[in-house]
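One structure below.
All of the numbers you see were taken from the coordinates with simple rules; none came from a lab. This structure is a prediction, so every number in the text was calculated from the model and none was measured. Note that we place each Cβ from the backbone using ideal geometry, even for glycine, and neighbour counts take in every protein chain shown.
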């Protein structure tokens, strides 16, 4: 039997297995017979070991400086590149690899890919986010020269890649238009949730802390994520609609967390908000099991309009109705599982929440539609097939072995 290629996955902006997309891809490839290694940074509060082997996937981690200035980002990327390259030599010696599967941002791993192409390795560019747009969102119109550098890095990433993976059709169009990629070189691999993780979740009403309704936000709390819109909407619900029967749970972490806690105090919402920090998936799902409305407050901008929000599909997988701003890819994902507010208008966002709170039948209908859409079309069990097709195409593999039975992830 032909031995399948060995895969080295690179990621810089999140640790593994905490990065859900990278971990799903790594597990899928491993379950279909590939030997998989991963290089990533250590997490701030988790994934601290320099080396672990989880589910037969070798994970090598490095300590990464955390900065929030433009110069700090540059230093972070330089340090990460050097440590990633060093660890790639370690993986090459210990395990070997035939392809580098690099996630962005940043769009700098092509340099490592070019080096290994000298030795016959292939390079896959897995575009999670549009890095130039992310920079613009974080820094506005400042430092335009860095924005143009990022555009060039993105172009080199496209050109170096033997295969480009994107999370949705909007990003695929960018790869074809801005990156001059041939359409057959670009494959959409959507961020679908794994169904196995969304069953048999205990219902624990005590998590509502005595309130009638629970509103939930899950995910990163960065400048592009719009979590402040949730707090302003809650302020409207509490002080304009006179609601005293709800609790907002904010699950996640990010550089905006201190600012958000300050805003909570400023808006006098302490009695209605609970920050949990980062939670293991089973704990997060226990909150979603008793959540009445899931919130996707990502504002409209050049990045979010072309991004697929995993949290929206996690709400849907749990049968939770969604309130979101009306962004193109969010509407594609949720369709009739959500109520949509005009982008960036907090009063409409709050009004959508109030509408759902007052209509139990509508909450039930939206939740049921979302659960069905995930199961029939958007779950990882469906959306992983293009990933496997891309690997078959890249290495001229006629067929892959059936996947091993799914099992719940254990985060060590």
Residue order, fewest to most beta carbons within 10 Å, for 385, 25: 385, 25
C-alpha center-to-center spacing [segment 76-128, segment 1-25] in angstrom: 12 Å
Gained length - residue 151 relative to residue 95, 0.36 nm times residue gap less alpha-carbon distance: 16.8 nm
Label point distance in nm, residue 245-residue 342, each placed 7 Å from Cα along Cα→Cβ: 2.9 nm
Debye intensity ratio I(q)/I(0), log10, segment 24-132, q values 0.10 Å⁻¹ (C-alpha model): -0.29
Fewest-first ranking of 181, 203, using other Cβ atoms within 10 Å as the exposure measure: 203, 181
Share antiparallel - DSSP beta bridges, the chain, percent rounded to 5: 10 percent
Taking the chain and dividing mean pair separation by its residue count, relative contact order in percent (alpha carbons under 8 Å, at least six apart): 15 percent
Hydrodynamic radius (Kirkwood) for segment 14-70, which is based on Cα pairs only, to one decimal in Å: 11.9 Å
Average silhouette area of segment 173-223, convex hull of alpha-carbon atoms, in square nanometres: 7.2 nm²
Cα-projected label distance for residue 396 with residue 355, points at 7 Å along beta-carbon direction, nm: 5.6 nm
The chain - Kirkwood radius from inverse mean 1/r over Cα pairs (Å): 22.1 Å
Relative packing of 367-380, 97-110, which averages over residues the other C-beta atoms within 10 Å, highest first: 97-110, 367-380
Packing rank of 139-149, 186-196, 267-277, where each peptide gets the mean count of other beta carbons within 10 Å, highest leading: 186-196, 267-277, 139-149
Cα coordinate range in segment 75-115, projected on the principal axes (Å, largest first): 29, 16, 15
Computed over segment 122-224, Kirkwood Rh from alpha-carbon pairs, angstrom: 16.8 Å
Average projection area in nm² (convex hull over Cα atoms of segment 196-376, one quarter of hull surface): 9.4 nm²
Point-to-point label distance, residue 385-residue 283, nm (Cα→Cβ direction, 7 Å offset): 3.7 nm
Separation of alpha-carbon centers, segment 241-283 and segment 156-190, rounded to whole Å: 37 Å
log₁₀ of I(q)/I(0) at q = 0.16, 0.17, 0.25 Å⁻¹ - segment 299-402, Debye sum with one point per alpha carbon: -0.73, -0.80, -1.28
Cβ-based exposure ranking for 150, 295, in which fewest neighbours within 10 Å come first: 150, 295
Rg over Rh, two decimals, segment 145-199 (C-alpha only, Kirkwood Rh): 1.13
